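Heads up, the thing below is written out as C-alpha cells.
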Amino acid sequence: MNLIREIWQSIVRRDPLSTDKGKSELVFLNVWLHIHPAKVKKESLRFKFTFYLGFITFFLFLILVTTGIALMFYYRPYPPQAYQDMKDLQFVVFMGPFLRAMHRWSAHAMVVCVFLHMCRVFYTGSYKKPRQFNWVVGVLLLLLTLGLSFTGYLLPWDQLAYWAITVGTNIGSYAPIIGGQVREILLGGHTVGEAALIRFYVLHVAILPSLMILLTIVHFWRIRKDGGLSRPLWKLKPNAPEALVTIGAPAQSAPLRTVQAAPDKTYGLMEVVTGKPIFETITPDEEEDAVFSYPYAFFREAIALMVTVTGIMAISLFFHAPLEELANPAKTPNPAKAPWYFLGLQELVSHSALLGGVVAPALMVLALLAIPYFDRNPSRRPSDRKWALWLFTIFVVANLVLIVIGTFFRGPGWALVPPWVHVVARAE
Amino acid sequence: MGRRLPQIFFALSTLALVLIVVAVWQATTPSWKNYQHTFFQLEAQEEPNALTKAAVLATPPQIHQILLPGLQRVDRCTTCHLGVDDPTMKNAPEPFRYHAGLGPHVPSRFGCTICHGGQGLATDVKDAHGNAPFWPDPLLATDYIRASCGRCHKEGDVPGVPELTEGRRLFETEGCHGCHKLNGVGGSIGPDLTEEGANHRSPEWLENHFLAPNVVSAGSAMPNFHFTRDQARALTYYMLSLTSADMGSYYASVQLIPSPGYGRQLFVEKDCIVCHAIGGAGAKVGPDLLGVTKLHSSEWLDEQLINPQLVYPGSSMPEYDLETNARKALVAFLSTATQQDAQDILARKGRVLTPEDAAIAAGKQDFARFGCAGCHGTELQGGVPNPNAQGGQVPSLLHVSDDYTKDEVLQIIRDGKVPPLDNAAGPTPPLYMPSWKHLMSDEDVHQIVEFLWSMQQKSTESW
C-alpha cells in the first residue's frame, strides 16, 4: 500500500484536495491545468454571461482533431479513391459512419459556436481595453475555422463537395488583379481537380490546424494575461480602499506602488519592475470574490465538455454525414451552392460579383478586426453603448438573413423559390 | 455554489458511455451478418456429420469482396449472395441461389455490378441494390440485363443477344449519326450518346422514347421513326451498352467474340480465297479447307495460324499476326464453311468498279455513315416533320438538281443551312442542316454530292 501511495504521490506531488494548498497545487503543478489560475472570479463562472461558448468551441475542436486523425487512417487524398474511401467508411469500416458523422456535425457546430462566441464577446464588450488584441486573434480564429471547414468540405470528393468548392473558389476569384491567381494557387489549376484535392488536404490536416493550435494558445494566454475570463465588470462596485500596503524597494527613495492589503494574504516581494499593470483591475478586494478553480471551474468545464461530446454523439447516431454521387465535372447541379456559411456571400455575388464577392467580405473582415480600435467608448455597460449594439445586431441579422435566403430560398438558376415549393430541375 | 456539479458531471458521463455502447452495438449488428447466419444454417442442414455441422455454423461472419482493378470496381455483393458460384445452391432461396448459365463470366473474375448495376461497395440491401439517394445506378431489370454484354463486347455478334446486333445495325442504317455524336463522330442537334449507358436512364424510358420521342420528352426535335416495339427494344439495348468506361486490358481483349461471322469477315479481309478453296471453289495453291476442322484439332489449327513454318517447314503460307480471338473466329468460320460460302466470296471479289461508280458507292456509304438518312430518309425521300420550316418537313433530296448546282449543294453541306421559315413570326424549327466541314473531308462531301446526283438521274428517268 505504501508503495502505491508513493507512486501516486510521485505523480501528483500535491497536498490533498481537501486543503487550499492542495487545490492550488493541483493547478500550478500540472502542466495541462496551469493555464488556469488557482482561483477564478465567481462572476466569470456565471453561465448566463458567457454560455461557455468559448469552451464549447474548443471542445468541438478537440473532437474534430480526434475524429479527424482517426479518419486519416482510412483516407487517400486523390480522386476517385477518395470517394471510394467514403463508401468504405460508410459500409465496411467499424463505426465508420459514426466517426464521419461526428466529424461532420462537429465541424458545422464549430462554425456556429465560433460565431456565437464572437457575438457574446461583442455584446458583453469584452473586446475593450486591455483585451483589444485578443479580439483580433479571435477574428483570425474565426477565419481559420471557416478555412478548415471549407478545405474539409472538398475531401469526400462527391458532387456536393466538388461544386461547393467550385462555387466557393469562384467567389474568391472576383477579387481584382490577385483573385484569379489566388484561386489558381489554391486549386493548383483552373478547375477543381486532383491538384486541388491534395492541396486542400494538406491545408486541412497540416497547415490550418497548426495555425489554429498556435493562435488558440495565444488566445488562451491572453485571456489569463488580460485579467482572466470575462465578467460583467459594470455590475461590480469598486469599494473604498482600506488597509494599504506599500510596495517599494527600501534602497530607493520613493514607494513604487500602494495596494490594499487583503487580510488573509501574505505579501512578499519577489522582484520589482516599474510601470502600470496591464490586466483588468476593478477593486483591490476582489480576492473575496474568487473561488478555487478546483472544483468550481473544473467541474463546470468538464460538464461543458460532456454536454458537447454527448450532444455531438447523439446527433451522429441518428443523422449520417451526407454523401452524394462521385464528383462529376461534366454535370453541374442546378443550383450549385457553396457551403452554407458562404451562402450569404453567394447571395451577394448573385447581385454584384465585385461588390458582393470582394468589397463586402473584405470590408466585413476589416471592420471586425478594427472594432476594438474603432470603438473608443470605454464603458462596457450595455446602456452606454446602444449605438454599437444596434450596429452589430444589424450586422448579425443581415448575415443570417442572407444565409437563410441563399440556403432555403434559392432554386434552379438562383431563382427565388420558397422552400415549400418543390422544383424539379430538368436534366438537359 | 456548485454543490451538484459532480452529480451532473457523473450523469453526463454515464450518458456518454450509453451513447458509445449504442454506437458500438449499431456497428456490430449490420444486416449482412443476419444473411450470413441464415446461409450457414442452410449449409449446415446439408452436412450429415454433427462435427462439420458445428464447424459450418461457427464460421466467423466476414465481408466478402471481389476486387476488380481491371473494371475499376469492388463488388461486395457476395457478402450476402453467398451461393452464386456454388452449384449445390441451385435451389436455395434468394439471396443465396446459384447463378447458372454464366459461362466464362465467373463472379470471381467479373464481379456482379458490371452486368447487373447496383452499388458494389455497399453492404446493406437498399444501398447495394442501388435504390438509394445519390446512387445513380440501380439494379438493371432482368429484361434488360443482356444489354450489359455490349459494355465489353463492343463489336461483332454477341451470342444470345440478337437485340444488340440489331440495335447497332439500326443505329448505323437509320442515320442516328446525323444528329447524335457517338465516340466523337456525328452531328450535334441531339445529345452526345457516347456515355448514354453511363447516364443510367431507365430502360422503360428509353424504350418509350424510341416509340414516341415527343410523348416522353416534350418538344424533342427527334423525329418519330415509327420503330416497332422489337426495334425500340434493340435500340434500348444498344443505348444501355454505350459507355466509354475503361474496361481494362483483360476485358478489352474479349471485345470481339470469336463468332463464325467475324471469322468470315477475316477470311474475306485476308484474302484466304486467293490460295485456298472450300469444297472445290477457290484457288488450289493451298489445301482445300472444307472439313479442315474435323481433320485437325483446334490447337493444331491455332498453331498453324500463328506460325505455319513451325508446323510445315517450307510452307508458303504467310504469318498473319492474328489475335487469339481472330484465330478462334477463323477456325469457327471454317467449321461451318461450305462451298456456297466460297462461291459468294468469289462472286463479290471479282467486280471492279469504275472511278465514278466507286465515288457514288462511297458517297452512298458516307450518306449512311454521317447519318444524313436520319432526316433526309434512307431513300432520300425526306418527310421528317420540322414544324414551321417551309413545307413543315425536312426536304426530300430527290429533286435537288432542279433547284441547285453541284457547287451550291457542296456549299450547303459544308456550311449548313437554317431552313426558311413558314411563318416568319413563328418559332425556330427544331431541325436544321448542321455544318459538316469539320467532320467530313472534302472528298466525303464530293462523294455525297455524286451520290445525290446519281439518285437524281434515276428519279428523273422514273418521272
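We did not get these values from a lab; they are worked out from the coordinates using the rules stated. Quantities reported herein were computed from a predicted structural model and do not represent experimental measurements. FYI the Cβ positions are ideal-geometry reconstructions off the backbone, even for glycines, and counts take in every protein chain you see.
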Taking only C-alpha positions in chain A, Rg and Dmax in angstrom work out to 25.9, 90
I want to check the label-to-label distance for B:Asn34 and B:Asn49. Put each point 7 Å from Cα in the C-beta direction and report it in nm to one decimal.
3.3 nm
Tell me whether the range B:1-151 comes out rounded, prolate or oblate; compute the Cα gyration tensor, take square roots of the eigenvalues as a ≥ b ≥ c, and use a/c under 1.5 as the rounded threshold.
oblate
A chain fully extended from B:Val268 to B:Ile8 at 0.36 nm per residue, minus the present Cα-Cα distance, gains in nm 84.7 nm
Rounded Å value of the spacing that divides the Cα centres of the range B:282-334 and the range A:366-428
81 Å
Determine, at each q value in 0.19, 0.23, 0.24 (inverse angstroms), the log₁₀ of I(q)/I(0) that the Debye formula gives when each Cα of the range B:145-252 is one equal point scatterer.
-0.98, -1.46, -1.57
Two-site FRET efficiency, A:Ser350 against B:Ala218, from Cβ-Cβ distance with R₀ of 30 Å, rounded to 0.05
0.50
Could you tell me which residue out of A:Leu187, B:Ala281, A:Gln84 lies farthest along the dipole of the protein assembly as shown toward its positive end? Charges go on the beta carbon: Lys and Arg +1, Asp and Glu -1, centred on the Cα centre.
A:Leu187
The protein assembly as shown: antiparallel bridges as % of DSSP beta bridges, rounded to 5, reads 95 percent
Apply 1/(1 + (r/R0)^6) to the Cβ-Cβ distance of A:Ile7 and A:Met364, taking R0 = 45 Å, and write down the FRET efficiency to the nearest 0.05.
0.20
Can you spot the lysines whose alpha carbon is less than 21 Å from A:Lys386's alpha carbon? Ignore those fewer than 8 places along the same chain.
A:Lys48, A:Lys128, A:Lys129, A:Lys235
Expressed in nm to one decimal, what extension gain is obtained for the pair B:Gln365 and B:Leu15 from 0.36 nm per residue of sequence separation less their Cα-Cα distance?
118.3 nm
Charge dipole (the protein assembly as shown, unit charges on Cβ, about Cα centre) - positive-most of A:Phe115, A:Ala321, A:Pro382
A:Pro382
About its Cα centre, the protein assembly as shown carries a charge dipole, from +1 on Lys and Arg Cβ atoms and -1 on Asp and Glu Cβ atoms, whose size in debye to the nearest 20 is 5380 debye
If a paramagnetic tag sat 7 Å from the Cα of A:Arg376 along the Cα-Cβ line, which residues of the range A:96-137 would have the backbone N under 13 Å from that point?
none
Give me the percent of DSSP beta bridges within chain B that run antiparallel, rounded to the nearest 5.
90 percent
So, relative contact order of the range B:26-108 in percent, Cα under 8 Å, 6 or more apart, is 20 percent
Can you give me the distance in nm between label points at B:Gln381 and A:Trp221, each placed 7 Å from the Cα along the Cα-to-Cβ direction?
9.0 nm
By the scheme Lys and Arg +1, Asp and Glu -1, what is the net charge of all other residues having a beta-carbon under 13 Å from that of B:Ser108?
-2
Determine the calculated [θ] at 222 nm for the protein assembly as shown from helices alone, applying -39500 (n - 2.57) to every DSSP H run no shorter than 4 residues and normalising by the residue count; nearest 500 deg cm²/dmol.
-15000 deg cm²/dmol
Using only Cα atoms, figure out Rg for the range B:355-462 and give it as a multiple of 2.2 N^0.38 Å.
1.07
Average Cα contact separation per residue, chain A, under 8 Å, 6 or more apart, as relative contact order %
23 percent
Using a 7 Å offset from the Cα along the Cα-to-Cβ direction at both B:Asp344 and B:Asn131, what is the distance between the two label points in nm, to one decimal?
4.8 nm
Unit charges on C-beta of K, R, D, E only; dipole of chain A, Debye:
760 debye
Can you pull the mean other chain C-beta count within 10 Å for peptide A:318-324?
1
Which one of B:Ala358, A:Phe342, A:Ile217 is farthest out on the positive end of the charge dipole of the protein assembly as shown, using unit charges on Cβ (Lys, Arg +1; Asp, Glu -1) and the Cα centre as origin?
A:Ile217
Can you tell me how the range B:291-395 classifies by the Cα gyration tensor, rounded, prolate or oblate, using a/c under 1.5 as the rounded cut?
prolate
In what sequence, highest mean first, do B:17-28, B:307-318, B:373-384, B:431-442 appear when ranked by Cβ atoms within 10 angstrom?
B:373-384, B:431-442, B:17-28, B:307-318
For the protein assembly as shown, compute the orientation-averaged projected area of the C-alpha convex hull (one quarter of its surface), in nm².
61.8 nm²
What does the charge add up to near B:Pro434, with Lys and Arg as +1, Asp and Glu as -1, over the other residues with Cβ less than 13 Å from its Cβ?
+3
Fully extended contour minus Cα-Cα distance, from A:Asn334 to A:Val404, at 0.36 nm per residue
23.4 nm
One finds the C-alpha centres of the range A:315-348 and the range A:66-144 to be spaced, in Å, by 16 Å
Averaged over the residues of A:87-95, the number of partner chain Cβ atoms within 10 Å of each residue's own Cβ comes to 6
Non-local amide H neighbours of B:Asn386 (under 5 Å, H modeled in plane, Pro and chain starts lacking H): which ones?
B:Gln393, B:Val394
Three-way shape call for the range A:99-199 based on the alpha-carbon gyration tensor, with the a/c threshold at 1.5
oblate
Determine the shielding of peptide B:119-126 by partner chains: average, over its residues, the number of Cβ atoms on other chains within 10 angstrom of each Cβ.
3
How high is the relative contact order of the range B:399-443? Use alpha-carbon pairs under 8 Å, at least six apart in sequence, and give a whole percent.
40 percent
³J(HN,Hα) across the range A:148-153 via Karplus (A = 6.51, B = -1.76, C = 1.60, θ = phi - 60°), whole Hz, x for Gly/Pro?
5, 5, 5, 5, x, 4
Mean shadow area of chain B over all directions, Cα convex hull, nm²:
40.2 nm²
